[in-house]
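Chemist: Here it is, the structure in full.
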Amino acid sequence: MNILYIVIGVVVLLVVYVIALYNGFVRLRVRIKEAWSDIDVQLKRRYDLIPNLVNTVKGYAKHEKEAFENVTKARAAALSGGSPHERAGKEDMLAGALKSVFAVAEAYPELKANTNFQELQRELSDTENKIQAARRFYNSNVQRMNEKVQVFPSNMFAGMFGFHKEDFFDLSENPEQREVVDVNF
């Protein structure tokens with residue numbers, strides 16, 4: 001009779017462990033979706049600021065058409081979405097295009113003094129900081145999920161429950177692209 005209680009106790013502990021493990025995976029998946037949503041909100045905020053910035057700079061630098069077209073194309077590509085890995089590549093293109101617009105703005109002192117341009121520049125800088133914070137939160141949750149999916153004994157159950165490694169939201173592998181977009185004049 002005592003052996004029966006021990007077996008039942010072991011089975012109950014195993015069931016409780018599996019339930020806790022499953023709930024842990026679900027919590028991580030929800031946090032990853034929440035974190036991605038935070039990134040998406042900030043990226044959309046940046047996408048909304050870009051046309052205003054481009055139009056402000058255009059008013060002063062009408063002959064710099066190529067730089068503006070590149071930003072417009074990169075913004076459209078970034079808006080098309082995709083996986084975190086795909087989005088990171090598109091964000092790198094957009095950051096490079098924005099750098100060219102800021103380089104154009106450098107040549108126009110009256111633009112740098114424009115209140116509207118300064119406000120857009122401040123908002124864009126604030127948005128970049130929020131994107132960076134949201135990216136760190138997302139990547140830390142992805143890192144926890146990826147560890148849990150790969151570490152014994154949770155890795156034995158991850159596949160059965162349909163959980164898998166997630167992609168990090170890493171920006172460019174190119175060191176030049178990793179530079180912060182300089183929005184201070």
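Chemist: So the check is Cβ under 6 Å with 6+ separation or different chains; which pairs have a first residue in the range 114-142 that's under 30 Å from VAL26 (Cβ atoms) and a second one that's among the charged types (D, E, K, R)?
Modeler: Final answer for the pair search is ALA134/ASP38; ASN141/ARG31; VAL142/GLU166.
Chemist: From TYR5, TYR22, which residue is farther than 21 Å from MET156 by Cβ, out of contact with any strand residue (DSSP E or B) (no Cβ under 9 Å at 6 or more places or on another chain) and aromatic (Phe, Trp, Tyr)? Before the answer, list the steps.
Modeler: Values: TYR22 fails: farther than 21 Å from MET156 by Cβ.
The match here is TYR5.
Chemist: Look through the range 30-46, keep the residues that are basic (Lys, Arg) and more than 14 Å from GLN143 (Cα to Cα), and return whichever of them is surrounded by the most Cβ atoms within 10 Å (Cβ to Cβ).
Modeler: Our first condition is that a residue be basic (Lys, Arg); within the range 30-46, this holds for 31, 33, 44-46.
Cutting the leftovers down to more than 14 Å from GLN143 (Cα to Cα) gives us 44-46.
Details: LYS44: 13, ARG45: 15, ARG46: 23.
Looking at residues that are basic (Lys, Arg) and more than 14 Å from GLN143 (Cα to Cα), I get ARG46.
Chemist: Using the structure shown, decide if GLY81 is in a loop (DSSP other than H, G, I, E, B) and within 30 Å of VAL142 (Cα to Cα).
Modeler: Numbers: in a loop (DSSP other than H, G, I, E, B): yes; within 30 Å of VAL142 (Cα to Cα): yes.
Considered against the rule, which asks whether it is in a loop (DSSP other than H, G, I, E, B) and within 30 Å of VAL142 (Cα to Cα), GLY81 comes out as yes.
Chemist: Given VAL7, VAL30, VAL71, VAL16, which one is at negative phi and in contact (Cβ under 8 Å) with a residue 12 or more places away in the chain? Can you show your working first?
Modeler: On the way: VAL7 fails: in contact (Cβ under 8 Å) with a residue 12 or more places away in the chain; VAL30 fails: in contact (Cβ under 8 Å) with a residue 12 or more places away in the chain; VAL16 fails: in contact (Cβ under 8 Å) with a residue 12 or more places away in the chain.
Residue meeting the stated conditions: VAL71.
Chemist: Does ILE19 satisfy the criteria of being out of contact with any Ser or Thr (no Cβ under 9 Å at 6 or more places or on another chain), part of a helix (DSSP H, G or I) and surrounded by 18 or more Cβ atoms within 10 Å (Cβ to Cβ)?
Modeler: Values: out of contact with any Ser or Thr (no Cβ under 9 Å at 6 or more places or on another chain): yes; part of a helix (DSSP H, G or I): yes; surrounded by 18 or more Cβ atoms within 10 Å (Cβ to Cβ): no.
Criteria not met by ILE19.
Each value in this text was obtained by applying a stated rule to the coordinates, not by laboratory testing. Owing to the predicted nature of the structure, the values given are computational and were not obtained by experimental measurement. Don't worry about glycine lacking a Cβ; one is built from the backbone with ideal geometry, like all the others, and counts go over all protein chains shown.
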